[in-house]
1. Please state, to two decimals, what the Cα-based radius of gyration of the chain comes to when divided by 2.2 N^0.38 Å (N = residues).
2. Between Val16 and Trp101, what is the spin-label point distance in nm, taking each point 7 Å from the Cα along the Cα→C-beta axis?
3. Could you compute the FRET efficiency for Val136 and Asp186, with r as their C-beta to C-beta distance and R0 at 30 Å, rounded to 0.05?
4. Can you compute the charge dipole magnitude of region 2-194 about its Cα centre, using +1 on each Lys and Arg Cβ and -1 on each Asp and Glu Cβ, nothing else charged? Give it in debye, rounded to the nearest 20.
5. Counting only residues 5 or more places away or on other chains, whose amide H sits under 5 Å from the amide H of Leu23 once H atoms are built in the peptide plane?
6. Specify which residue in the list Ala51, Val71, Gly170 is farthest towards the positive end of the charge dipole of the chain, using unit charges on the beta carbon of Lys, Arg (+1) and Asp, Glu (-1), about the Cα centre.
7. Can you tell me how region 1-105 classifies by the Cα gyration tensor, rounded, prolate or oblate, using a/c under 1.5 as the rounded cut?
8. Excluding Ala187 itself, calculate the net charge of residues whose Cβ lies under 10 Å from the Cβ of Ala187, where each Lys or Arg counts +1 and each Asp or Glu counts -1.
Amino acid sequence: MFDELLAAEGVEERCVVRSRFGLCALHGGLEQGTAEVAEAAAERAGASFYAVVQPEGFRWHVPSHRYDPSVSDELRGFIAAVDVVISVHGFGGVRDADDRWTTALLGGTNRALADELSSELARVLPNYRWIADLDVIPRHLRGLHPSNPVNLVAYGGVQLELPPRVRRPGADYDVLVSALATVAADAQRRCSDAG
């Protein structure tokens with residue numbers, strides 16, 4: 001399925017390896033702003049970056065756990081190059097919640113990083129709800145599948161599900177990018193210090 005997506009006209013992969021920490025966006029173009037957020041934060045932090053970007057009007061959602069590195073040299077190289085990753089996704093909020101347009105979810109297997117990122121985002125964007133408790137996150141949005149690229153790197157990562165409001169250019173978007181870059185840079189320093 002992933003190979004068919006990559007073969008589709010106009011779909012492109014982007015990969016830049018800069019460090020052992022990475023940011024990625026598997027549904028760029030489909031989930032508005034995700035590739036732009038991940039790329040901007042990666043550039044600012046000096047982190048690695050990977051994205052699959054669909055052209056405008058193309059709407060094919062391949063589930064993250066179906067992104068098979070064996071069919072993509074770029075994804076395989078990214079996974080081999082990084083130890084920790086933040087995978088930026090978009091979603092429409094938790095259904096029937098009053099704050100669905102300002103709720104974000106932090107899944108994935110690296111729970112320490114999820115807690116650190118959640119705390120930083122709550123500090124700098126207090127008008128959003130940042131949920132890192134896996135028991136509260138809907139099962140299909142937890143990002144825990146072992147084949148999900150966020151979990152294929154050495155120390156796992158965080159699957160960050162963002163509502164539309166914070167993915168649109170503006171003040172909140174800028175603060176989000178800055179916070180992601182700060183957490184990424186801090187995590188890179190810890191990895192380097194650990195040797």
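Derivation of every value follows stated rules applied to the coordinates shown; laboratory data play no part. Just so you know, these numbers come straight off a predicted model, no measurement behind them. No Cβ is skipped: glycine too gets one built from the backbone with ideal geometry, and neighbour counts run over all protein chains shown.
1. Dividing the Cα Rg of the chain by 2.2 N^0.38 Å gives 0.94.
2. 3.3 nm
3. Working: r = 25 Å, r/R0 = 0.85.
With R0 = 30 Å, the Cβ-Cβ based efficiency is 0.75.
4. Details: 19 positive and 27 negative charges, 70 e Å.
With only Lys, Arg, Asp and Glu charged at Cβ, the dipole is about 340 debye.
5. So Leu23 has HN proximity to Ser48, Phe49, Tyr50, Ile86.
6. Farthest towards the positive end: Gly170.
7. oblate
8. Working: positive: Arg20, Arg189, Arg190; negative: Asp83, Glu116, Asp186.
Neighbour charge sum, excluding Ala187 itself: 0.
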